[in-house]
Structures are given as C-alpha cells and as structure tokens.
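Scroll down for the structure; my scribbles are underneath it.
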Amino acid sequence: MDFEVINTTTSDELLKAIAANQNSNFRIGAGFTDLINQLKKQNTEELTIINIAQLKDEAYTQIVEEADGLRIGTLATASDIVDNNFIRENYPVLHQAASKLACTQIRNVATLGGNICNVSPSGDMTASLIALKATCHIVDCNGGERAELLSDFIIGLKKTTLKKNEIIKNITIPMNDHHNIISGYEKVGSRKSMEIAIVSLGYHIQMNNDGTITDAGVSCGAVAPTIPFATSACDFLLGKDIQDLTEADKEEFANKVMEYASPISDVRASEWYRKEVLFNLSQTIFS
Amino acid sequence: MEKELKVIGKSHRKLDGKERVSGKAVYGHDIELPNMLHGSILRTAHPCAEIISIDTSKAEALEGVECVITADDDVYDVNNISYKRDHPILKKGTVNCNRDEIAAVAARTKEIADKALQLIEVEYNVKKGIYDPVEALKNEAPQINEFGKGKEQFGNKNMAESFHYEHGNLEEQKAKSKVIVKRTYELPRVTHACMATSNITAEFSPFDGRLTLWSSTQVPFLYQRDIAHALKMEPSKIRIIQPIIGGGFGSKLDMHPFEPICVLLAKKSGKPVQILFSREEEFVLSPTRQPMVIDLTTGCDENGKFTFREVEIIKDNGAYTSWGATTPFVMMQSYSSLYQVPACKFDSHAVYTNNPFAGSFRGYGNPQATFSIETNIDLMAEELGMDQSEIRLINANYKGEVTGQGLHFKTCGAIPALEKVIDESDFEKANAEPKGDRYKKGIGLGSMLHVGGGAKIYRSDGCGTVLKLDDYGYLTIITGSNEIGQGSETVLAMIAMEELGIAEEKIKVINTDTDVKPWDVGVHASRTSFVAGNSLLGAIKLMKEKLNKKAVALLDVVTDDWEYADGKMTFNEFEIKIDKVAREMHFGTPHELCTVNYFYEPPSKFQDKDFKGDVSGNYAFASQAIEVEVDTVTGNVEVLNVHVSQDVGRVLNPIGLQGQMEGGLATGIGYALTEEMIYENGELKNPSFHGYKLLTATDMPPVHFYPIETYDEAGPYGSKGAGEAPLIPTAAAIANAVSNALGVTFYSLPITAEKVLRALKEQKEKNKEVLV
Amino acid sequence: MMQITFKINGESITQEVKPALLLIDLIRDHLKLKGTKPGCLEGECGACSVIVDGEAINSCMYLAINVNGKEVITIEGLGDHENPLDNVQEKMVEHGGVQCGFCTPGMVMTTKAYSDKCKKKGITPTREEVKKSLEGNLCRCTGYAKIIDAAEAVYEN
C-alpha cells in the first residue's frame, strides 16, 4: 500500500485539492475504515489520497437541527450519530442503523459520507437514510452546488451520480412528529455484532394523531445492487389506519417490498434465504 | 482426600497476568533480533496442478532480497514431514492443495519479501482436483499423494489412515434391540483462529551448527525431534524457546512447513529470519478440525438400555497426513464407552483429497463423535416415548465400570453431572413447555467422556520437573510442561505454595527453553495440570526428604512430620526458616544444593493392537443442558443459558477452571452455530474474521458451572484434566435444543439460520400436505 | 514523507513518516511499543485498539498522519510510577480476564476509553452495555465472561 496524501483542513483547501487532481487518480479519505482494506488489496500505482479526516469546516462536520429537519455533515461519525439525542428520539431508524454498524472502534472513525460513497448494498446508515428520504447536498470544485435525493444519488452497484469534481458536503432529513412514528432498522447477520447485513430493512412510518399513515419510507439492504426505496410498499400504506392493518394487509405489504428484492447468492447467504428473510421481516414491523 | 488445603481450591489470579495485561509479555510477533530478516512464502495459485517451471530470478534481483529458496536449492537437503512422512516441505513437480509452499524469500523488510513473491514466476498445468473423499476412493481416481501407502496398507491408493475397533456381540445386541436409529451426520471444517497468528524466528549458527528457534509450538520436545528429522540434524543441536503463546487449542501440535522453511532461509542467508502469518494466511494455512461424514446406527431395548453402536466414518484427510488422522483414538472411546455400550463396531477411514489437511483441535474428534451419539440418543428416546433425561441416566457410566474397550473408571461423576444439569436447568419442565410464537424456546442435553489423566499415544506421556530452592528461600520450578494461556503455570505455583509454604512472590516457573527444561510430551489431551502437577508433587516429595533430614540435624529432633507454612518448617515447638535449612545444606554439611529432579510417568497403558486398554490416568465426564431461542423470522439461534457440570476430580483453581469452561463453550457454540470454513474446489472463500464468525462478547450467553468433585487418586489432589471437555458436548446439546424448539432434527453443523429457515419451510409444506 | 507532531503516552514527539504508514506500524515498528497487538490488520478483531483523543480506535485502520496534533495512548501509557497498573488492568487480572493475553491490550484500551467516557457522563453502564462496548474485540480463549466481569467491576466504588 503506497500513496501520496494531500491534507486539507478547510473546505477551500479541499475544493482546491479536488480541482488540482482532476487529471490524476485520487480517492478521498475520511475515516479510512473501508478505504484502507480496499487499498491494501488493489495495489494501485500513482494514487493520491485527499485526506479530509482533519477538515474543520462545520458544514461538513456538524449535526444541526434546522426548522424543517436535520442536517448532518458528511464527516459526522457513526458514533456522533449514535450519541445524538435528537436523532435517537426523532429518527430511531438512523440511530439503530448507526449503532448496529461494526463496533465502537470503527464507529468512532467511520463517517456518514464514507458509508454513502462506499455504495455498498449493505451500508447500514445509507439504508436508514434512504428510508428517511434524505437529500444529499453536493458541492463541486468550482463552487457549484446541487441537491439530490439519496435514493436517486445511488444508481447502481458501486455507482453514484457523484462526478469526479464533486463531494458530498452534508445530508438533510425532513422533519417529522416523533410521537407518531414506527421507525426502526432490522439487520440480519449470523451473530449480534461485527456484521455486514445479510439482509436489512429500514422503515420510518409517520402517522397522524388518529393513527392514519401519512408518510412512509421503507428501504431494503443487501438484496439488490442498490438499496431500493420500496415505493409501492410505502404507497400501499398511505391513508391506512395503523391499528386496522390485517394479517392480509401485512402480507400484501411484504409482497410489495419483495418487488424490490433481486438478491444474489454469495458466501454469506443464498438468494433464497435473503428473500425469505426479507419477506418474513417485512411482516413483523407493525407488531 | 480429606486434607485441609490452604491454597488449592481457592481462586488464584494468573501468575504472569500483570505482564500480559500491561503489554509487557513478549509474543513471537514482538521479537526483533539484530540483523533479522523477514520471510515470506509463495503458495500455489491452484490447489491441484503440475508445476512446469519456477523462475525466481526477478525476485532475487529485487533490492533488499537476501535469498530465495525452492525445492531445487542446494540448501534444500531435507526429509518429508508430517505424521505419515508424506509431506514435502517445499513442493516441486506437483501441488496437491491450496496451502502448498513452492518458494520462500528472506528480505530486509516484510514489504520487500512480499513484493519479491509477486516477482516469482510459476508456470502451472492446472488439473481438476478431487475434493470429495468418496470420489477419491473410486478406482478411476488418480493417486493424490505420491508418498501415500494406502494401496499396500489399506487396499486403496487414496486411503491415508484406517482404524477398526470392536467389542461385544453386535448381532446378538441388534436382535435384542426394540429401537434402532440409523442416521448420517456431516461435520464441517472449522479452525482454531488463535488471536496471535502463527510465527517463528530462526537463528542458525554457522560455527557449531546449532539452531535456535523462537517458536509457539505446544509440544517443544516432539517438535525438536520433528525439526531435526526434517532438516537432517541432531535434535540436541536444536534449542526451542517458546515466547508467550497467543493461543494454541491444538493448532501447534504438528510442525508445519513454514517452520523448517524459516530455518532454511536462516541457513542460506546466514542471518536470523522471522516469519509471521497474516490473518489470511492463518486461515488458509493453519490446521482445521476434521471434516467428516459419520454413519451411526444405535439401538436400545424396550427399557431404553443401550444395546449397540455401529459406526462408519469417512474423514477428509486433505492432501497430507497430520496428527489429525489419529483422532479416531479419541472418537472410538466415545463410541465404545460414552454411556454403557454392550457392543460396538467402529470403522474410520481418512481419505486423501486435494483439500487442505486437518490437524488436532481441542476435543480431538470428540465433538464430532459426541454430536452424532447424543443426537441419536434423543431420537431413540423419542421413538421409545422415554424422557431424554431418563434414557441418559439409566445408561450413564458409573464408578468401577470397565468398559468394553478396557477403560477403567475408578471414579466417575457421569451421573451426578447429568443430574445436576437436569435439576439446575429444570430440564423436564423446560423440555415440555410450549415453545412460543416468533421466538421458539428449546432445551437440549449432551454428555461427554474424555481422557482426564493424559493419554498414552506416544512412548512416554510423562513430564520432568527440576526444583531449586536457593539460599534466600526462593523456589524455581523448572517444568517440562508448557503454558499456552490455559493457566497450568499458575496451578504449579499453587501446588508449590500449598506443599512448601513458600509465598507466591518467591516462586518462579521456568518452562520455555528446551536447553534448560526436562522432557515433557507437550500440551494436549487436557494433561498439563495432571501430569505436570503430579511431576511437581513427586519433586516436592524428594525436596522435602532433603529438607526434613537437614532440619532434623539442625534442630536435633527426630521426626518426619514437618509442617511447611509461611516460609518455615515447624514440628511442635521446633521451628526453622526454610531458607536457613537450604543455606545450612549448602554452606554446611553435606555441602549440597537444595535441588532435586523428578520424572513422572502416568500409570496409563499403551493400548493393544485392538485398541483396548486403560489409556488414561483417569477420565473426565461432563453434561451440559443448553437453552436456546430460535427466531423463526430470521432462523437465527440464540443460546440463552448454558448449564455445565463436569467431573473435574477436584477443583484446583476455581477462577482458572471457570475460564476454561467459558472459553471452551464459546468455541463449542461457534462450532454449533456460526463457524465454518467455506471451501469450494479446494479454495477457501472466507479467510478473514469477517467471513469466519467467531462469537463476539454480545453473543456469549451466561454460563452456569457446577463442578463435580470425585477425588480420583491418580490426579494431583484428586483432580482430572479439564481443558478440552467444555466444548465437546456443546454442539450436541445445542442441536438437541433446537430440535426441541422446532420439532426438526439437524444432522449437520453449523446449524445456520439458512438451514433453520429451510427446515421450517419444509415443515410448513408437510403440515399443509397433511391438512390437505 | 510528512512531518507529524503528536503526544504519545504523555510525551510530545515529532516524526517523519510515509503518508501511507498505518498507526499500528508507527507504534510497533517505529516507536517499538510492542504491547499493541496485530491480530488481523483489517479492523475485525480489536487487538490493536489504542486511544486517540479519548476515543478507542483500531490502529490498523488509521493513518499515522492523522494523529498529527492529537493525543495517543497505548497500553504502555496506562498506570504510573506509583500504580503500575491502571484500575482496568487490575480488574482484568483479578477477574481472570486474561488467558493467552493476545487480545488483552485491546480489551483494556477499549474498556479504558469506554469507562472514562461513562465516568465523565456520570453513568454506570448495564452489563448489556458493557458487552456492547466490547463487541469489536475478539477473544478465542475466555468466552468473554471474565472480561465482561472485569469491565463491569471497573465501575464499582
């Protein structure tokens, strides 16, 4: 493993470094927990790492409550997210996903932006943010900015819409009323800790005071090249009363979630198992 | 044994615990010798191939590379290694499994050595390998190991080892049987996964041809002999120094090719060389538990009394033959003698394949055997309509029993252990309870029998001790035995404290250098506290004779009845400090040092050609009752509680013993539920801690341990070996518990979530059919 | 080469390092602090855990250059002249949490960071929380029970 490093401590330095390296082979490193293992295996020649681990810009690092939601910097670590009480209360799906990610030592350095840009179908924080309908705020090295729904940002296996001159600055999650939510992150693995999800299910369902479902987000991890947002399953729930959901409704909901599952078989589990578990899990979230 | 003891039986912290907890303990990875080089080994790119050519010229030209060796090198004047001497250290001509070593490099840094490996060009003619032992036994299969003697010895060229055992009248017992259960069991390949990867540092002296090895072997004296044979050296010219060993569990019983390879690099370069495995290498290269297929038929009469066991086992030997091929020694004991078995027939065949070779692993074949026996017992009980606990109790081993194989249970805690776990787990109630909806609860039983007083499988099973009491009253225990983390060192110090009344601060245990310590066969078979403990007691007896005699002379009193306590020897009103006695012995007449040496050989016997005989000094018995909860949504099995009761003879160090229980259980639970080396066509698909699932802290259930003390006179203070037992019946008890929860029986390990969900699905389909 | 200045076990040092150097190699090979153990070098076992600015991290997954300006504590940095062992270490020995000991420095450092954090917040964690705090540290010898006992005992008094 060998590479050159450009240290950046301000957003200005960061954008300049990106601009300066448009014609060379570079990677951006923040927590390095995925990157180091990848670099050890790849043996890439002539690689530059733009190191943002010491970037101090608050737009990239802070978790901020805003009027219409929450803004999380790309450099927020999984531990920052686990320890944030606002997230724990309002977005249990995100809190659970972050706390089920690897272990303390990894959570202390692994960043939100890294989890998103690693574009793994089993990325825990990414899956929860897709269920939360999060938006990515992206800047480019010329000062341009754009926003894109996270579920649109990821377009395929290991593929995003991020261009070589761009970086995610932060993400935002819309506000909700935490008194009337069903929200959680189910992660299936063969042990309780240190797992990469074999299957995961993120859900964040908003009701009004009468129990009518007004908004729903469901995402499924490790069952497709991307982490799909299960639109038709969510639509199916809208307008229904949470207390009146029948067994048949739950099964139909699960069947609709399954429309998004096209898993593969690998060393960790078979296609059959992944489908079976996703179907089973989907029915359990209302009980 | 009624003697009141002051130290033995009370928890004692680990002797060198402070060194280990402070990072000061020196492991193989921490050794740096002046001028030391780093070695790396090139392994084959294909598990089965002919090697057409090897070109090392580019590697040799790389700056920082000091030497490269292959099997064609002048320095490569060696013998084959392994239990059957069928394993060339470096391969040429053909490669037979994914581990095969082709070339090795010594360089100034590890990075350079690894880079050099990439520059070695090897041309292969890739062949289709044989990865299924059944295929390997067919006539048309090619001979896998050219050094194998299967044709001459067993009538099949790919047979590596074969065992046949029987006792009793099988046909008569079959005729008596009301219930006969025949099942096939499949056991996976699992590995030790020691936290420290394998390592060795070698220094060869060109002046006198002496070799010093810093090695984490568990069996230094057998290893010294093995290295000597491999490299055509005199054993006494080889000095083995054991740094602190970061986990053993049986993995360091065989000598492996990387060890003589490291010596060859040191010889050729003229400098010390160190080889450290990466974690991936550790998974690929270190030994495994034997994968096998077991066909087991068992019977019982209408009262549930066992009648016979008939078993045929096909073991995947892999490409070479390690100590692992001898696990049937242990397995046949369980089939012949775990519970009362009037008739038993046992056949086991280890078959060469192009898979990696197995080795020895804590339990030595016994977890596999016990899994099959205990599952069959539950099935027989079910068919007979008998309680699972009752069928075990009426067949349990008993004190005074001499089994069909000739094992003599002079003490036996089998029944008390079973009764204890049945009682403590409220087994009958838990067994009959409704199982729940999404989360289904179940409970299962498993028992085991294992050697408790060593096992005579080598010409000597003994251990030597040298004791030295210096002029200042400090005691040095130089023992042949080894510490691999299990705590035997602490037990030895406790024995000396108990017997000689010397404080812990004044006791040193020296056990890491073959140039210094007397012979011992090594750490295996749960033997160290038993054999080394007895050896130490023998040495202490000799030392006391010397001290007593001198004290008598000094105090002018006639007695042999000295009490040793608080650094003093006391008889009635007579009292003298122990260091004073030692000094007077040294500086006065008879001008002797207070030093003794003693060799202990256990009373066990070498088994005869039919494998009959009392092979161990005593025997350990244990039962486990394990509660599980199965999540029918995911198929995951969670272990909720473990009740374990074990006949340990006598508890020596409670905290150390409990640690052995919990640690063994963790490995046993992993074997039952999560651990498996996934091999496809001879290649390992999960060579990492991520892919190979050890239990984590959050997976570990509470362990309730109830020791049974039977005071066996063969063991120190009545104790028995205990280290391997806790993982032996664990998979069996868990499998029975899952079966109790779901009403489905599992015949293969690990019981993965996927297997559980598939079984539930099949069960559902069947129920549907019945309803239709 | 890049220059970094940081504190290690209380001492401030400046080093020239290769940008790709991992913290574990800086600690073990350059500074010769061999108590930090290389268990897997891929972030899966926790044996190489050290504390950086109060947080436990895997030193095999951390670039040495990123300790610039920070404070690193390794197993050698615990205890002092008067008390050569930290309370966490004392408890680990007392409760039988050490067998082969190769995972032990990592277990100690993780527990040290976690217990310091809990103390700062004034909370006593439950046994389940203590277990969770150790989820990234593998052990093959002990079955964890005694390590968890030891970690729990750190909160006594």
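Each value in this text was obtained by applying a stated rule to the coordinates, not by laboratory testing. As the structure is a computational prediction, the values presented were derived from the model and not from experiment. We place every Cβ from the backbone using ideal geometry, glycine too, and count neighbours over all the protein chains shown.
For the reader, a short list of remarks on this structure follows.
- Chain B - percent relative contact order, Cα under 8 Å, separation 6 or more: 16 percent
- Fully extended contour minus Cα-Cα distance, from residue B:80 to residue B:132, at 0.36 nm per residue: 16.2 nm
- Peptide A:278-285, shielding by other chains (average Cβ, 10 Å cutoff): 2
- Exercise: per-residue mean of other protein chain Cβ atoms within 10 Å, C:28-41: 5
- Chain C: angle of helix C:104-121 to the longest principal axis, Cα-based, in degrees nearest 10: 80 degrees
- When region B:155-305 is reduced to its Cα atoms, the Kirkwood hydrodynamic radius in Å: 19.1 Å
- Treating each Cα of region B:403-483 as an identical point scatterer and summing with the Debye formula, the log10 of I(q)/I(0) at q = 0.15, 0.23, 0.26 Å⁻¹ comes to -0.83, -1.14, -1.25.
- Here's the list of lysines a cross-link from residue A:164 could span, going by alpha-carbon distance under 20 Å and ignoring same-chain residues fewer than 8 apart: A:16.
- Bridges between two residues of the protein assembly as shown, per DSSP, are antiparallel at a rate of about 80%.
- Protection proxy ranking of B:407-417, A:246-256 - average other beta-carbon atoms within 10 Å, highest first: B:407-417, A:246-256
- Low-density loop cleavage sites - trypsin sites (Lys or Arg not before Pro) in region A:15-65, where at most 14 other Cβ are within 10 Å (DSSP): A:56
- Each of B:67, C:45 was scored by other Cβ atoms within 10 Å of its Cβ. Listed from fewest to most, they are B:67, C:45.
- Tail weight of P(r) past 41 Å, computed on alpha-carbon pairs of chain B, percent: 35 percent
- Within region C:2-77, the proportion of C-alpha pairs whose separation exceeds 17 Å stands at 34%.
- Sorting C:140, C:127 by the number of Cβ atoms found within 10 Å of their own Cβ, with the fewest placed first, yields C:127, C:140.
- From its DSSP helices (H runs of at least four residues, each -39,500 (n - 2.57)), the protein assembly as shown gives a residue-normalised ellipticity at 222 nm of -8500 deg cm²/dmol.
- This ranking places B:29, B:524, A:179 by how few other beta-carbon atoms lie within 10 Å of each, fewest first, which gives A:179, B:29, B:524.
- Proximal lysines relative to residue A:256, as straight alpha-carbon distance under 20 Å, when same-chain residues fewer than 8 apart are discounted: A:133, A:187, A:240, A:275
- Where trypsin sites (Lys or Arg not before Pro) fall in DSSP loop in region B:651-720, at most 16 other Cβ within 10 Å: B:685
- 5 Å binning of all Cα-Cα separations within region B:488-545, expressed as whole percents from 0 upward: 4, 17, 27, 28, 17, 7, 1
- Whole-Å semi-axes of region A:178-284's equivalent ellipsoid (Cα gyration tensor): 26, 14, 11
- Averaged over C:13-22, number of beta-carbon atoms from partner chains that fall within 10 Å: 3
- A DSSP coil position with no more than 12 other Cβ atoms inside 10 Å describes the following GluC sites (Glu not before Pro) in region A:1-90: A:45, A:46.
- Partners of residue C:70 within straight-line reach, counting aspartates and glutamates whose Cα lies under 15 Å from its Cα and excluding those fewer than 8 residues away in the same chain: C:11, C:53, C:55.
- Here's the picture: charge each Lys and Arg Cβ at +1 and each Asp and Glu Cβ at -1 in the protein assembly as shown, and of B:322, B:431, A:36 the one pushed furthest to the positive end of that dipole is B:322.
- Cα Rg over Rh - region C:87-153, Kirkwood: 0.93
- Using Cβ point charges alone (K and R +1, D and E -1), the dipole size of region C:1-92 about the Cα centre works out to roughly 260 debye.
- Region C:2-77 - share of DSSP beta bridges that are antiparallel (%, nearest 5): 90 percent
- Principal axis box of region A:58-174, alpha-carbon based, largest edge first, Å: 35, 33, 23
- Dimensionless Rg over Rh [the protein assembly as shown; C-alpha; Kirkwood]: 0.97
- GNM top mover of A:214, A:111, A:226 - chain A, alpha-carbon springs below 10 Å: A:214
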